[in-house]
Amino acid sequence: MASAVRSILVTGANQGLGYHTVHQLSTKKGVLVFMGSRRLAAAEESRSKFASEIDPSSEVVPLQLDVTDSTSIKNAHDFIEKYLKDKKLSGLDVLVNNAGIVGKTFEETYAVNVFGTVAITEAIRPLLNNGGAIVNVSSSLGSLHAYSQRPNPPVYLSYSSSKSALNSITLQWAIQEEEKKSGIRVVSICPGFNATNLNSYTGTMKPEDGCKVIVEAALAKDGKSGVYYNKDGDIKW
């Protein structure tokens, strides 16, 4: 491991955007990535697909994490805390809240996209280093302004509203961090309409391209908090 290590937790990382985010982060120098997945075996299998491409100074650590399960969250917190201590690292630099679903009901969707995101963030927040970042993977479908326009975006009641809620939480977390003077940046970002399991692979973008904005946000060491939509592929932090 390099002496100047960027430590990052990515939730929902065994497939789709999360998988490609971890993969691309692992090719950078001096990065420690915790690869969160509801099933540990799924994370281990996913890691094996790009293991040979991981930079010698970096590391990918599979992690069992279900953001809807309080016991899983506590175990993940304790594992990360001990792992960082063993590596003589002061804390975690970045939390990437990528886990998300389109559930059959509002309850299912909000359990992951809103309540799960809040639960894991509240648990991990004490581990975050000052000057770090909380990166929430959102969607342009969470834009209230977009739905006031005609023609309007497609209507996905539970999913779109869950991302609107996430964007609101992002802005309020950002205020809290400003008040604490922690230097922690809190952002919501839209990686575009990617072909993943979430949309039955109907997306118009490849997740290995869409994830680049997540990777950029995770590696950025400065910039402003806020909600950013990736319409032109060029987001400035």
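The values are calculated or read from the model by the stated rules, or taken from the named source; none is laboratory data. Nothing here was measured: the structure is a model prediction, and the numbers come from that model. Cβ: placed from backbone, ideal geometry, glycine included. Neighbour counts: every protein chain shown. Keep in mind that these areas ignore ligands, DNA and RNA; they rest on the heavy atoms of the full protein, side chains included. Shrake-Rupley method; radii C 1.70, N 1.55, O 1.52, S 1.80 Å.
Scanning region 165-180 for residues that are among the small types (Gly, Ala, Ser) and buried (at least 20 other Cβ atoms within 10 Å of the Cβ) returns a single hit, Ala174. Only residues that are more than 19 Å from Val137 (Cα to Cα) and either in contact with a Cys (Cβ under 9 Å, 6 or more places away or on another chain) or surrounded by fewer than 19 Cβ atoms within 10 Å (Cβ to Cβ) (or both) were counted across region 13-55, and they come to 17. In region 34-57, of all residues being of a type in the set (Asp, Glu) and part of a helix (DSSP H, G or I), the one that is nearest to Ala123 (Cα to Cα) corresponds to Glu44.
Only residues that are surrounded by fewer than 21 Cβ atoms within 10 Å (Cβ to Cβ) and either within 16 Å of the chain's Cα centre (by Cα) or of a type in the set (D, E, K, R) (or both) were counted in region 195-206, giving 2. Of all the listed residues (Gly192, Gly183), the sole one being modelled with pLDDT of 95 or more, open to solvent by 10 Å² or more (accessible area, probe 1.4 Å) and not in a helix (DSSP H, G or I) is Gly183.
Within region 95-116, the residues that satisfy the criterion of being under 23 Å from Ala195 (Cβ atoms) and of a type in the set (S, T, N, Q) are Asn97, Asn98, Thr109, Asn113. Taking region 58-158 and the helices (runs of 4 or more DSSP H) fully enclosed by it, the elements with 1 or more residues that are at pLDDT 95 or above and open to solvent by 30 Å² or more (accessible area, probe 1.4 Å) are at 70-86, 106-110, 117-124.
If the condition is being touching a Ser or Thr at 6+ places or on another chain (Cβ under 7 Å) and at pLDDT below 95, then region 1-26 contributes Met1, Ala2.
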